[in-house]
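Report on the structure given below.
The values are calculated or read from the model by the stated rules, or taken from the named source; none is laboratory data. Only a predicted model underlies this, so the values are computations on that prediction, with no experimental measurement involved. In case anyone asks, the SASA skips ligands and DNA or RNA and just uses the protein heavy atoms, side chains included. Shrake-Rupley method; radii C 1.70, N 1.55, O 1.52, S 1.80 Å.
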Amino acid sequence: MTAPTKPTITHLEPFQRESLGRAARIATPRSSQAAFAPAPDRPDPVTLLESQAATRLPELVPLRYSRMLASPFAFYRGAAMIMAADLAKTGNTGINVQLCGDAHLSNFGLFASPERQLVFDLNDFDETLPGPWEWDVKRMAASFEVAGRGNRFSAEARRSIVLAAVGEYRHAMARFASMNNLQVWYTYLPVDRTLELFRKDIGQKTFKRTGRVLEKAKARDHLQAYGKMVHLVNGEPRFASDPPLLVPIEELLNAPDAQALNQQVRSSLRAYRASLSADRRRLIEQFRFVHLARKVVGVGSVGTRAWVALMLGRDSQDPLLLQMKEAQRSVLEGFLPRSPYANSGQRVVVGQRLMQASSDILLGWQRSSGFDNEQRDFYLRQLRDWKGSVEVEQMSAPSLSAYGRLCGWTLARAHARSGDRIAISAYLGSRPVFDEAIADFSTAYADQNERDFAALSAAARSGRIVT
C-alpha cells in the first residue's frame, strides 16, 4: 500500500482565508463562470466514449451505449469524461476541494448510516479527485437544467430550479464558514426531519409520495437483495441467473477459469480486509465466501468489472452481499494532477470518506488479478443498505427545486469538509452573482449535451457504435 507524500500544512487566520477568496474573484470573476463555448479543438464526444470502452468488457459496451441513448439526461449521466474535458477549458478559482467528479443529481440519494438512520448524501465517487470546487457545482447545476428539459419544464422554471440549487450551495457554504471544524465534520442531513422542512414547498401529494420512497428505501436492504438475487441449488445458496444484469461465475467462464477466479477472490478478500480498521476487520472475518456473480451497475460504469460476492455469517439466514467494483483512473486525471494513490480503489475510498458524513462500515479496497492475470483495482462495499433515489421523471418543478436545494446543501457540506470553506464563501459572497452565472452556464452546457447526444445517436445509426 503506497501512501501519498504529505504536504506541508499551513494554518491561516480566517481573515487571510477570506482574502484568498476575494483575490480569486479578481483572478476569476464570478460573472465569468457563465461562459461556455466549445473549444475549437474540442475532442469528438464519441471518440472520448470509445476511449473509455477500450478498457471495458466488450460484451457490455453496447449496453452502456444503449442506456445512454435513452434520453439526453441518460447521456449526461454517462458523459462525465466529456464534461471533464470541457470544464478543463473554463475558469478556475484555484481553490481546491475533494471533488466528487460526477456530481449530477442522480448521484445523490438515500442510504443508512452506521447508526441506522436514513441519511441523504452523495453516493457515487468513481471519479473523485482533488480539484476546483466549481467543477462539481457546474456538473450538478447543469444536470438540473438537462433534467428539467426532459420533464418539459419551461425555461423560466428550469432557471428557477438551478438558481435554487446553487443558491442553497452558497448559503450553506456561508453557514459552514461560520462553524468550527468539528461542527462541520459532525453535520449530516437526517431525512425525516428534512422532509418536514420542505413539506410546504413540495405540497401534500408529493410529501406523501416521498414518504413512500423513504419506506421503500428502508426495505431495500441486504436481506431484500438476498431474497431477490439468491436461490437454492441442491440446498446451497447461489446467485440466480439474470443476464446480462446478473450472471453467476459458472455461466461466464469454463470450469478451470471459474475455479481460478474463485480462488483469486478468496485471496483478494484477505487483501481487502487489510484496508479496514481492526474492529471492522474482525467483523468481516466472521463471514465466509460462498459464491460470485458479475453484476451490471449504473450508466457511466457499465462495462467496468463489477462483481458481487455472497458471504454467509453464523448460518444461511445471516447473509452479506459485498459489491466488488473496478476502479479505473478518474476521468479528471487527464486534466488535473494524478491521484497520489497508486491504487484507484484507495482513491475512491479516501475520497468517499472525505466527502460523506458517514460511509459504509465495510468500505475498503484491494488490487487483484483475475483468471486473465491482469492487475486491477477494486473498491468494496455492501451491495445495498437502505438504498433509495428519486424518480426524476415523476417530479414536478417545485419538487425538483426542493430536491435541488437538498443537493446544493449536501455538496456544500462535502466541499466544506475537505476544502477552505471560508475562502469559497468569500468568493461566492452574499449576492447571487455566482448563482446567475451558473444558471447561464447550465443553459449553454445543456445545449452542448443535446448536440453530443445527437452525435452518439448518429454514431449508432451509422453503425460506428453497436447498441
| said: Over the chain, what is the relative contact order in percent, taking alpha-carbon pairs closer than 8 angstrom and at least six residues apart? | reply: 31
| request: Specify which labelled value, from (1) -0.30, -0.41, -0.81, -0.96; (2) -0.26, -0.36, -0.76, -0.93; (3) -0.32, -0.44, -0.89, -1.06, agrees with log10 I(q)/I(0) by the Debye sum over Cα atoms at q = 0.06, 0.07, 0.10, 0.11 Å⁻¹ derived from the coordinates of the model shown. | output: (2)
| remark: Taking every DSSP bridge whose two residues both lie in the stretch 287-400, the antiparallel percent to the nearest 5 is 95
| query | Over the stretch 1-143, what is the mean sequence separation of C-alpha contacts under 8 Å (at least six apart), divided by residue count, expressed as relative contact order in percent? | reply | 22
| query | Rounded to the nearest whole Å², what accessible area per residue is found for the stretch 412-467 with the 1.4 Å probe? | reply | 35
| Once every DSSP H run of n ≥ 4 in the chain is given -39500 (n - 2.57) and the sum is divided by its residues, what mean residue ellipticity at 222 nm do you get, rounded to the nearest 500 deg cm²/dmol? | -15500 deg cm²/dmol
| said: Please compute the per residue accessible area over the stretch 34-84 with all protein chains in place, 1.4 Å probe, rounded to a whole number of Å². | reply: 40
| task | Order LEU49, LEU336, most accessible first, counting only protein heavy atoms with a 1.4 angstrom probe. | result | LEU336, LEU49
| field | Accessible-area ranking of VAL466, VAL290, VAL46, largest first, probe 1.4 Å | value | VAL466, VAL290, VAL46
| remark: Computed over the stretch 275-358, protein heavy atoms only, probe 1.4 angstrom, the accessible area per residue in square angstrom equals 38
| request: Give me the percent of the accessible area of the chain that comes from carbon and sulfur atoms, probe 1.4 Å, all protein chains in place. | output: 52
